[in-house]
């Protein structure tokens, strides 16, 4: 199984079960949020969390296959001001602090918060919470 896809699945499960996150967004943690017939996110979907860009850089060495992953988790809000999106971003970070991520088919060597960026575009607020991981493949 693709290691990034497997990690992404575990991330979504964790976000949907972590009380601090669900208190802020309910079960609205998505790979891709639901879209209307025009391809837009409906206002009732906000606030929510979605998986953003990711990449995998192969770092195979000797008899070990694997690499470094960067994965972005996005928080979205249309509430006035920045408190809601910042609180969601903080909850995302806390969901993985000290959490032992177990992958079924690959081995996770590390998973660490790297950086968080905040972006505002009119009424739309976004927090891009980025993590790095080292994954070994069988």
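The values are calculated or read from the model by the stated rules, or taken from the named source; none is laboratory data. Only a predicted model underlies this, so the values are computations on that prediction, with no experimental measurement involved. All Cβ positions, glycine included, derive from the backbone under ideal geometry; neighbour counts span all protein chains shown.
Going by what's in this entry, would residue 72 be described as without any contact (Cβ under 8 Å) to a residue 24 or more places away in the chain, in contact with a strand residue (DSSP E or B) (Cβ under 8 Å, 6 or more places away or on another chain) and either surrounded by fewer than 15 Cβ atoms within 10 Å (Cβ to Cβ) or in a strand (DSSP E or B) (or both)? When the stated conditions are applied, residue 72 does not pass them. Does the range 25-33 contain any residue that is in contact with a helix residue (DSSP H, G or I) (Cβ under 9 Å, 6 or more places away or on another chain), crowded, with 16+ Cβ neighbours inside 10 Å, part of a helix (DSSP H, G or I) and at pLDDT 95 or above? Checked the range 25-33: at least one residue is in contact with a helix residue (DSSP H, G or I) (Cβ under 9 Å, 6 or more places away or on another chain), crowded, with 16+ Cβ neighbours inside 10 Å, part of a helix (DSSP H, G or I) and at pLDDT 95 or above. Residues that are in contact (Cβ under 8 Å) with a residue 60 or more places away in the chain and surrounded by fewer than 16 Cβ atoms within 10 Å (Cβ to Cβ) within the range 1-15 comprise just one, 1.
Total residues in the range 50-63 satisfying the condition of being over 17 Å from residue 114 (Cβ atoms) and touching a strand residue (DSSP E or B) at 6+ places or on another chain (Cβ under 6 Å): the figure is 2. Return yes when residue 71 is at pLDDT 95 or above and closer than 19 Å to residue 120 by Cα and no when it is not. Considered against the rule, which asks whether it is at pLDDT 95 or above and closer than 19 Å to residue 120 by Cα, residue 71 comes out as no. Every condition in (1) closer than 19 Å to residue 116 by Cα; (2) surrounded by 15 or more Cβ atoms within 10 Å (Cβ to Cβ) holds for residue 98 except the one numbered (2). Taken as a whole, the range 104-111 holds at least one residue that is part of a strand (DSSP E or B) and crowded, with 17+ Cβ neighbours inside 10 Å.
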